[in-house]
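Data block below; observations after.
The values are calculated or read from the model by the stated rules, or taken from the named source; none is laboratory data. Not measured: the values here are computed from a predicted model. Counting neighbours? That spans all protein chains shown, and the Cβs are built from the backbone with ideal geometry, glycine included.
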Amino acid sequence: MSDVTDGADHLAEWLRLLDRFEAALDAADEQLVPQELEPPPGPPPEEVRERAEAILARQQLMISSVIASRAKVARQLAALRRVPTTPPDAPAYLDVEG
């Protein structure tokens, strides 16, 4: 194969990978079917470097958001665990009028 064909194939592989990353970010709140990930060999071509960096920045923002959400949920669970439980045979209401 010629270097031009190899370069075009390499670029096409990177474009497909970046498309997958963007689709995953766009569908962050949806359930995605896990797919095997085999990154193209070598560094990304210069033509996609800016797009790859933008995707990386979006991923880092998403990771920060997930970490913050996880910490919030952990605090809420800790608060719920401090709520005393009542035995199942304890009355649910107190009759103060009768």
Selection from region 11-36 of residues in a helix (DSSP H, G or I) and within 18 Å of residue 63 (Cα to Cα) yields 18, 20, 21, 22, 23, 24, 25, 26
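Among 79, 92, which is the only one that is aliphatic (A, V, I, L, M) and part of a helix (DSSP H, G or I)?
On the way: 92 fails: part of a helix (DSSP H, G or I).
Of the residues listed, the single one that is aliphatic (A, V, I, L, M) and part of a helix (DSSP H, G or I) is 79.
Within the group 37, 32, 25, 18, which residue is in contact with a Lys or Arg (Cβ under 9 Å, 6 or more places away or on another chain) and modelled with pLDDT under 90? Before the answer, list the steps.
Numbers: 32 fails: in contact with a Lys or Arg (Cβ under 9 Å, 6 or more places away or on another chain); 25 fails: modelled with pLDDT under 90; 18 fails: modelled with pLDDT under 90.
It is 37.
For (1) closer than 22 Å to residue 17 by Cβ; (2) exposed (fewer than 10 other Cβ atoms within 10 Å of the Cβ); (3) touching a residue at least 40 places away in the same chain (Cβ under 8 Å), each residue gets a yes or a no:
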{"position": "35", "(1), (2), (3)": "yes, yes, no"}
{"position": "63", "(1), (2), (3)": "yes, no, no"}
{"position": "79", "(1), (2), (3)": "no, yes, no"}
{"position": "83", "(1), (2), (3)": "no, yes, no"}
{"position": "95", "(1), (2), (3)": "no, yes, no"}
